[in-house]
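Undergrad: Following this message is one structure expressed as structure tokens.
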Amino acid sequence: MPRFERVGNFEVNRDRAIGNGGFGVVYYARDVSHSPPAECAAKMMVLGSLCQRESVEHEVACMRLVGGHPTIIKFLHYQEAPHARGEAWVFLELATGGDLFDRLTDAGSLTEGSTRPYAVGLLSALNHCHCKGLVHRDVKLDNVLLSAEDPFGVKLIDFGLAVQVPLKDDGSFLPDHRIYDGVGTKSYKAPEIFAPRSGYEAPPVDSWALGITLFSLLAGFFPFDQANGADWRYTQFTQGVRGDASACDVLFATYKRACTFSAPCKQLLDGLLCADPKARLSVRAAAEHEWCKAPPVAFHSQQSADADGVEIVYRSCHDERDRLDEALTEALELPDEAVRVTRQVARLNDDS
């Protein structure tokens with residue numbers, strides 16, 4: 001028999017975990033105030049210290065601030081566990097289709113037509129957040145959930161690193177409001193976050209992370225391990241994009257391949273993956289880009305047309321970086337073959 005724990009109007013199935021991370025565990029739950037009971041997700045958060053409590057309360061406040069948007073996970077309820085166990089429960093709508101990381105892993109890469117609905121939904125969520133003065137700061141494949149009922153439906157999750165930025169009377173961000181903490185997931189962090197002592201403006205970091213997310217879906221590989229001088233790919237990238245060179249072309253050239261993205265797609269990604277945050281495309285401008293306005297196409301994955309193509313699959317995490325370099329070195333030694341490097345980045349820990 002399943003072991004259910006009653007938390008207010010909710011029953012949590014402690015024998016059915018559906019996700020986990022540094023925050024704790026997500027369990028299957030149901031809201032028994034409905035008839036029949038409504039399925040939902042129960043996120044267990046640890047309240048072991050004042051800092052952890054403030055972090056949980058901050059995330060809940062952020063979800064309440066941006067709640068009600070169709071492509072942001074719906075917040076249902078927050079309640080601390082009884083009997084002073086040092087736990088709190090955050091109840092959320094249940095998304096049943098995995099996440100974008102799973103989608104990329106299954107497909108290898110996606111066509112522009114298949115990626116576009118995800119991009120539009122994610123841009124809508126981020127634009128809504130920015131209009132509320134909230135910058136997410138942890139946009140990544142893992143934080144975009146999918147729906148089994150709607151193959152193109154997305155839900156932005158995990159607002160634990162979000163930050164509030166003052167808005168002007170016209171609704172735009174107050175310029176030169178600087179942030180000094182270097183949080184985020186390493187492979188998605190904007191270049192300016194790696195130098196937090198000088199501070200950075202928060203809104204452009206969502207644009208960069210969105211660019212990494214969309215590029216990875218379309219190309220089938222992550223462009224960088226980290227966007228700073230410690231990664232030779234990023235150093236080569238910054239040298240290559242000087243002048244009028246396309247960021248997409250430079251990134252593909254790293255693996256001795258030609259970029260086959262359409263011109264509008266390249267233009268969008270080039271704008272998002274601009275190393276200079278002042279020149280980087282804003283979320284609002286990206287949402288209005290012509291590539292996002294094209295009509296949708298049938299849902300399918302992009303398969304390599306090269307019979308002799310080589311697929312190198314590996315996981316990049318903190319204790320496997322040497323395997324990354326070995327795989328890329330092997331790929332670069334095959335200039336005459338179509339090489340697809342699918343970097344299965346396994347839930348990188350936040351670098352705080």
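The values are calculated or read from the model by the stated rules, or taken from the named source; none is laboratory data. These numbers come from a predicted model, not from an experiment. Cβ placement follows ideal geometry from the backbone for every residue including glycine, while neighbour counts extend to all protein chains displayed.
Undergrad: Name the pairs: first residue in region 102-120 and of a type in the set (Asp, Glu), second residue assigned to a helix (DSSP H, G or I), Cβ to Cβ under 6 Å, at least 6 apart or on different chains?
TA: Pairs that qualify, where the first residue is of a type in the set (Asp, Glu) and the partner is assigned to a helix (DSSP H, G or I), are Glu112/Cys265.
Undergrad: In contact with a strand residue (DSSP E or B) (Cβ under 9 Å, 6 or more places away or on another chain), at pLDDT 95 or above and not basic (Lys, Arg) - does that describe any residue in region 43-56?
TA: Within region 43-56, none of the residues are in contact with a strand residue (DSSP E or B) (Cβ under 9 Å, 6 or more places away or on another chain), at pLDDT 95 or above and not basic (Lys, Arg).
Undergrad: Another one. Just one of Ser198, Ser282, Ser246, Ser262 is within 15 Å of Leu123 (Cβ to Cβ) and surrounded by fewer than 24 Cβ atoms within 10 Å (Cβ to Cβ); which is it? Lay out the reasoning, then the answer.
TA: On the way: Ser198 fails: within 15 Å of Leu123 (Cβ to Cβ); Ser246 fails: within 15 Å of Leu123 (Cβ to Cβ); Ser262 fails: within 15 Å of Leu123 (Cβ to Cβ).
It is Ser282.
Undergrad: So Tyr234 passes all but one of these: (1) within 14 Å of Cys274 (Cα to Cα); (2) within 17 Å of the chain's Cα centre (by Cα); (3) surrounded by fewer than 24 Cβ atoms within 10 Å (Cβ to Cβ). Which condition number does it fail?
TA: All conditions are met except number (2).
Undergrad: Between Leu251, Leu214, Leu218, which is without any contact (Cβ under 8 Å) to a residue 60 or more places away in the chain, in a helix (DSSP H, G or I), closer than 22 Å to Leu104 by Cβ and of a type in the set (A, V, I, L, M)?
TA: Only one candidate qualifies: Leu251.
Undergrad: While we're looking at this one, here's another question. Please give the number of the condition Gln267 fails out of (1) surrounded by fewer than 19 Cβ atoms within 10 Å (Cβ to Cβ); (2) in a loop (DSSP other than H, G, I, E, B); (3) modelled with pLDDT of 95 or more.
TA: Of everything listed in (1) surrounded by fewer than 19 Cβ atoms within 10 Å (Cβ to Cβ); (2) in a loop (DSSP other than H, G, I, E, B); (3) modelled with pLDDT of 95 or more, Gln267 misses just condition (2).
Undergrad: While we're looking at this one, here's another question. Filter region 1-44 down to the residues that are of a type in the set (Ser, Thr, Tyr) and more than 30 Å from Gly184 (Cβ to Cβ), then identify the one that is surrounded by the fewest Cβ atoms within 10 Å (Cβ to Cβ).
TA: The residue in question is Ser35.
Undergrad: Do any strands (runs of 3 or more DSSP E) lying entirely in region 1-101 carry at least 2 residues that are touching a residue at least 12 places away in the same chain (Cβ under 8 Å) and under 22 Å from Leu146 (Cα atoms), and which ones are they?
TA: 10-21, 24-31, 38-46, 75-80, 87-92
Undergrad: Could you tell me how many of the residues in region 139-195 are surrounded by 20 or more Cβ atoms within 10 Å (Cβ to Cβ), assigned to a loop (DSSP other than H, G, I, E, B) and more than 16 Å from the chain's Cα centre (by Cα)?
TA: Residues that pass the stated criteria total 0.
Undergrad: Follow-up question, since we're still on this one. What is the one condition in (1) surrounded by fewer than 17 Cβ atoms within 10 Å (Cβ to Cβ); (2) more than 30 Å from Tyr118 (Cα to Cα); (3) aliphatic (A, V, I, L, M) that Leu47 does not satisfy?
TA: The number of the failed condition is (1).
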